[in-house]
Amino acid sequence: IQMLWDNTRYFKHGLTEAGFDTGISETPITPVIVGEAKLAHELSRALFEEGVLATGIGFPTVPKGKARVRTIVAATHTRDELDRALDAFQKAGKKLALI
């Protein structure tokens, strides 16, 4: 359980430091809020191309204007894996002008 929360804090901090909006989630499920559903799906696709699975979610699952990519870390993720995911988010975020 401790490793799960260590990984969660590490990943959320990395996303926030990169300039992403992670909302107010207090669970290992971390949203990356981008606004419009089309953009959430574009980010999801760009991340997948980088080897990261993170699902885009839009209306009606979330309110209009609050579309996001849903991420979750596990206790079994290594720091190298989390760093690779954070690098993929930065690359995709810059490509889509999110950060």
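The values are calculated or read from the model by the stated rules, or taken from the named source; none is laboratory data. Please read all numbers here as calculations on a predicted model, not as lab measurements. Quick reminder, even Gly has a Cβ in these numbers, built from the backbone with ideal geometry, and neighbours come from all protein chains shown. Heads up: the accessible areas ignore ligands, DNA and RNA and are worked out on the full protein's heavy atoms, side chains in. Shrake-Rupley method; radii C 1.70, N 1.55, O 1.52, S 1.80 Å.
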Taking segment 23-61 and keeping residues open to solvent by 20 Å² or more (accessible area, probe 1.4 Å), assigned to a loop (DSSP other than H, G, I, E, B) and free of Cβ contacts under 8 Å to residues at least 24 places away in the same chain leaves ILE24, SER25, GLU26, THR27, LEU53, PHE59, PRO60, THR61
If I ask for residues that are aromatic (Phe, Trp, Tyr) and open to solvent by less than 20 Å² (accessible area, probe 1.4 Å), which ones from segment 1-22 would you list?
PHE11, PHE20
